[in-house]
Amino acid sequence: MSERYDVVVVGGGNAGYCAAHAALEVTDRVLLLEKAPEAWAGGNSYFTAGVFRCAVESLDEAVDLIEDRDDARLAATDLPRYTRSDFLADLRRVTEGRCDPELAGVLVDEATDTVRWLRTKGLRFRLAWDRQSFLVDGRHRFWGGLYVGTVGGGKGLVAQHQSAASAAGLRVRYEHAVVGLLTRPDGAIAGVGCDTPGGRVQVEAGAVVLAAGGFEANPMLRAGYLGPGWDLARVRGTPYNTGEALMAAIGAGAAPAGNWSGCHSTAWDAAAPPTGDRELTNLLTRQSYPLGLIVNSGGERFVDEGADYRNYTYAKYGAAILRQPGALAFQLFDAQTEPLLRQDEYTAPGVSRAEAGSVRELAGRLGIDPDGLERTVAAYNAAIEPGPFDPSVKDGKRTRGLVPPKSNWALPLERPPFLGFAVTCGITFTFGGLRVDADARVLDRQDRPIPGLTAAGELVGGLFWHNYPGGSGLSAGAVLGRRAGLSAARHASRSIRAG
């Protein structure tokens, strides 16, 4: 069976829908193919918090991006200026200077305008009060350069994308797993081959957008590219991002790019299922660790919990947890810090939580070596320097002479009840992908655009290395998705006129 469309978008997450929205501005013959069944719609985007990193010059500009502009909290809100230069500096810093300069520039320059564009499509945004602010001295103080997210989080993001695209006439086919690209004699992309419940089908297209995610749900590819032990990681999101579309593009001559041995991974509840939970989604993550201690089963610390705002460390600390015995770690808090924890995450149903009246008792309940934990906590408490504590800024309240140090937010662990949460490594997405240019056109191994092929989202390589600034994944998917959809639609229109 063969059909023909002007643009075929492969992948039904945030990047794919952004590509479809953009393509529909040029042509109404757009088809979106999704490997998963409809019950798993939304890809990894469904499992996110829906937060978009973008430059915001002032609280007034942030308010201009959101729906509820009469929220009573706004009068008592402090939202630090976050410029394009700040965004670019953060991106360069956490990727150790390796981010593709052209793609980074496009992302930083267009993220805010892309949020505005999405609002014109019907997406609704809010300030991320619950994730990105602390109440200090009666003021809601935002931190970490991350302020705006979709109403309803990842679930709301996907539902709003679907509603907007349906209203614009997008056709969607589920259970269509793209396994190959169709090519013309001149090398241009002519469509895709799909495995469906009814057998193999071909869909012809004037242009194809690949937005099918990375290979994070493929244990064999994880072990092969990320290294030994990565087949043991839990998958935070969809089980359907297994890399077939990515590998099909490389097989068709696309150039690989980016950090193929790197990924986004984070602290994930130790009792979580092997792949994402559609009900709890991102509530299985544990991201208040800068306020406490992280130890392994021997009771030893192994990272600087307060090295930076968690927006700039959580995506790499999952890998550090994977390297611990049993791929397990434990986040520890006491009565001082418990009120500051993200309550939705730390009180979610089935959370791996223990409570005790002493550090030694807590160790027993969690399966940590009690002598090791007591030594670690005593050494940590003794090393804390005096100074004011403020969770909304990098307060410099640190330890001295401790390895690893705790560079900020170092409060003693001393007031019962003591709380502990068992975590493992949850992989979010892989950093290796396809090389694209600023128009999201996929390049071949001689850096030439492959006619009729664009890409966006987690399948693109080169932006993120080692780590990433929180919220920049959805922004990158939206910015490059918009560019990929426009590039694909314009290529298809030119081909139609030429033919």
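The values are calculated or read from the model by the stated rules, or taken from the named source; none is laboratory data. Since this is a predicted model, take the numbers as computed values, not measurements. Neighbour counts are summed over all protein chains in view; Cβ atoms, including those assigned to glycine, are modelled from backbone coordinates with ideal geometry.
Which helices (runs of 4 or more DSSP H) sit wholly inside region 41-149 and have at least 3 residues that are aliphatic (A, V, I, L, M)?
Values: elements: 59-64, 84-94, 101-121, 129-132.
In region 41-149, 59-64, 84-94, 101-121 are the helices (runs of 4 or more DSSP H) which contain 3 or more residues that are aliphatic (A, V, I, L, M).
Identify the residue in region 164-176 that is surrounded by fewer than 20 Cβ atoms within 10 Å (Cβ to Cβ), farther than 21 Å from residue 238 by Cα and not basic (Lys, Arg) and, among all such residues, is nearest to the chain's Cα centre (by Cα).
Checked region 164-176; the qualifying residue nearest to the chain's Cα centre (by Cα) is 164.
Specify the residue that is surrounded by the fewest Cβ atoms within 10 Å (Cβ to Cβ); the eligible residues are those in region 460-483 that are among the polar types (S, T, N, Q) and in a helix (DSSP H, G or I).
Of all residues in region 460-483, those among the polar types (S, T, N, Q) come to 467, 472, 475.
Of the ones still in play, those that are also in a helix (DSSP H, G or I) are 472, 475.
Details: 472: 29, 475: 25.
Filtering first and then ranking leaves 475.
Could you tell me which of the residues 399, 454 is among the β-branched types (Val, Ile, Thr), outside the structural domain of residue 94 (by TED's automatic domain parsing) and crowded, with 18+ Cβ neighbours inside 10 Å?
On the way: 454 fails: outside the structural domain of residue 94 (by TED's automatic domain parsing).
That would be 399, the only listed residue that is among the β-branched types (Val, Ile, Thr), outside the structural domain of residue 94 (by TED's automatic domain parsing) and crowded, with 18+ Cβ neighbours inside 10 Å.
Has region 156-167 got any residue that is outside the structural domain of residue 313 (by TED's automatic domain parsing), on the phi > 0 side of the Ramachandran plot and either in contact with a Leu (Cβ under 6 Å, 6 or more places away or on another chain) or modelled with pLDDT of 95 or more (or both)?
So the first thing to find is which residues in region 156-167 are outside the structural domain of residue 313 (by TED's automatic domain parsing), and the list is 156-167.
Among the residues that remain, those that are also on the phi > 0 side of the Ramachandran plot are: none.
No; the residues of region 156-167 include none that is outside the structural domain of residue 313 (by TED's automatic domain parsing), on the phi > 0 side of the Ramachandran plot and either in contact with a Leu (Cβ under 6 Å, 6 or more places away or on another chain) or modelled with pLDDT of 95 or more (or both).
Within region 484-499, take every residue that is more than 27 Å from residue 114 (Cα to Cα) and not aliphatic (A, V, I, L, M) and give me the one that is modelled with the lowest pLDDT.
In the first step, residues of region 484-499 are kept if they are more than 27 Å from residue 114 (Cα to Cα); the result is 495-499.
From what is left, the residues that are not aliphatic (A, V, I, L, M) are 495, 497, 499.
Values: 495: 76, 497: 67, 499: 58.
The selected residue is 499.
Quick one: in region 249-297, which of the residues that are assigned to a loop (DSSP other than H, G, I, E, B) and touching a Pro at 6+ places or on another chain (Cβ under 9 Å) is farthest from residue 324 (Cα to Cα)? Lay out the reasoning, then the answer.
Just the residues of region 249-297 that are assigned to a loop (DSSP other than H, G, I, E, B), to begin with: 252-253, 255, 270-280, 286-288, 292, 296-297.
Cutting the leftovers down to touching a Pro at 6+ places or on another chain (Cβ under 9 Å) gives us 274-276, 279-280, 296-297.
Numbers: 274: 19, 275: 21, 276: 22, 279: 29, 280: 26, 296: 6, 297: 8 Å.
Looking at the filtered set, the residue picked out is 279.
Take the residues in region 34-85 that are of a type in the set (A, V, I, L, M, F, W, C) and either over 22 Å from the mean Cα position of the chain (by Cα) or exposed (fewer than 13 other Cβ atoms within 10 Å of the Cβ) (or both), then tell me which one is nearest to residue 160 (Cα to Cα). Write out each step before concluding.
Here is the first cut: in region 34-85, the residues of a type in the set (A, V, I, L, M, F, W, C) are 36, 39-41, 47, 49, 51-52, 54-56, 59, 62-63, 65-66, 72, 74-76, 79.
Still in the list and also either over 22 Å from the mean Cα position of the chain (by Cα) or exposed (fewer than 13 other Cβ atoms within 10 Å of the Cβ) (or both): 39, 59, 63, 72, 74-76, 79.
Numbers: 39: 16, 59: 25, 63: 20, 72: 25, 74: 25, 75: 29, 76: 30, 79: 27 Å.
Out of the qualifying residues, it is 39.
Taking the options 355, 414, 385, name whichever one is touching a Pro at 6+ places or on another chain (Cβ under 7 Å), assigned by TED's automatic domain parsing to the domain that holds residue 297 and surrounded by fewer than 17 Cβ atoms within 10 Å (Cβ to Cβ). First the steps, then the outcome.
Working: 414 fails: touching a Pro at 6+ places or on another chain (Cβ under 7 Å); 385 fails: touching a Pro at 6+ places or on another chain (Cβ under 7 Å).
Answer to the check: 355.
Name the residue, out of 299, 227, that is more than 22 Å from the chain's Cα centre (by Cα) and at positive phi.
On the way: 227 fails: more than 22 Å from the chain's Cα centre (by Cα).
After ruling out the rest, the residue left standing is 299.
Kindly provide the set of residues from region 40-93 that are among the small types (Gly, Ala, Ser) and under 30 Å from residue 212 (Cα atoms), ordered by number. Before the answer, list the steps.
Just the residues of region 40-93 that are among the small types (Gly, Ala, Ser), to begin with: 41-43, 45, 49-50, 55, 58, 62, 72, 75-76, 85, 89.
Result: 41, 42, 43, 45, 49, 50, 55, 89.
Which of (1) assigned to a helix (DSSP H, G or I); (2) free of Cβ contacts under 8 Å to residues at least 24 places away in the same chain is the odd one out, the single condition residue 228 does not satisfy?
(1)
Please specify each residue of region 259-280 satisfying the condition of being crowded, with 18+ Cβ neighbours inside 10 Å and of a type in the set (Gly, Ala, Ser).
Hits for region 259-280 are 262, 265, 267, 270, 272, 276.
Among (1) at positive phi; (2) buried (at least 24 other Cβ atoms within 10 Å of the Cβ), which single condition is residue 30 missing?
Among (1) at positive phi; (2) buried (at least 24 other Cβ atoms within 10 Å of the Cβ), residue 30 violates only (1).
Residue under question is residue 213, and the condition is that it be crowded, with 21+ Cβ neighbours inside 10 Å and either among the small types (Gly, Ala, Ser) or not in a helix (DSSP H, G or I) (or both); does it hold? Reasoning before the result, please.
On the way: crowded, with 21+ Cβ neighbours inside 10 Å: yes; either among the small types (Gly, Ala, Ser) or not in a helix (DSSP H, G or I) (or both): yes.
It is true that residue 213 is crowded, with 21+ Cβ neighbours inside 10 Å and either among the small types (Gly, Ala, Ser) or not in a helix (DSSP H, G or I) (or both).
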